[in-house]
Amino acid sequence: MHPQEHVIHALPDLLSAATIEQVKQHCQQLVSNIGLDFFLIGIESMNGGVPSSRVETNYPAAWMERYARLEWIGSDPVVHHCRQSSVPLIWHRGRFEDEFSQHLFEEASAYGVSAGVAASLRGVGRSQPMMMSVACDARADARTEQWLQTLTPTVHLLCSYAYEAICRIEDAGQAAEVGLTPRERECLRWAAAGKTSWETSRILRCSESTVNFHIRNIINKLQVSNRRQAVARALAQGLISA
């Protein structure tokens, strides 16, 4: 079987990863199988209205420390492209055009990060955009360009599966942290079925005020504004089934 076909067949295994570390292990093995050395996953989110980013990677630690310390993310043409477009990018020396980004490239090359493919996406119903870059130490010539071109569809698929795997792990973690009581789950399930608080109170043989008390607790725990949003978030996080 061709290495890329092997990787494509192995991609669903990513979705069974239970931790971010397992996702990274899968990614490292998959990129290695197609002749690459490194991968980097960058996820951007909003924390209290302030944008933040996190990175999961096997890039050389010394290079990542220097990159972060010098705040090169704002001048990185690969990151800029991924923030602006969902079209995968083949990158190498030729993509670093101005003097500053050329300096960035030369430093990256010193750590064996000199050519690769980058892709970005935002999943359906997800607010966090993600980019993935895979890399190796390769000379920028026509042969390298052609080779990376053949890898691009596989890298784009890998990005999609890694994104879904990470989102599933984080959703499961959030659901575990919520910690709804059995009674709250019952009230939430009946709310999802379209029952009012009064109807739910008749079904559960308790007072309507008790049901409303549980619903308020649910809304607070899920950090939403109303009953409908609570149902939607609970379904998304797997706290209740449809």
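Overview of results
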{"read-out": "Cα-derived Rg to Rh of the stretch 84-138, Kirkwood definition", "value": "1.06"}
{"read-out": "Space enclosed by the convex hull of the alpha-carbon atoms of the stretch 1-77, per residue, Å³", "value": "128"}
{"read-out": "Neighbour-count order for ARG95, ARG69, fewest beta carbons within 10 angstrom listed first", "value": "ARG69, ARG95"}
{"read-out": "Angle between the chain longest axis and helix 227-236 axis [Cα atoms, degrees, rounded to 10]", "value": "50"}
{"read-out": "Cα Rg over Rh - the chain, Kirkwood", "value": "1.12"}
{"read-out": "Against the rule of thumb 2.2 N^0.38 Å, how large the Cα Rg of the stretch 179-236 comes out", "value": "0.98"}
{"read-out": "Highest average packing first - 97-106, 163-172, Cβ atoms within 10 Å", "value": "163-172, 97-106"}
{"read-out": "Mean-position separation - Cα centroids, the stretch 115-165 and the stretch 24-91, in angstrom", "value": "10"}
{"read-out": "The chain: relative contact order in percent, alpha carbon pairs under 8 Å with at least 6 residues between", "value": "18"}
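All of the numbers you see were taken from the coordinates with simple rules; none came from a lab. Given the structure is predicted, the values throughout are model-derived calculations rather than measurements. Virtual Cβ from ideal backbone geometry, glycine too; neighbours counted across all protein chains shown.
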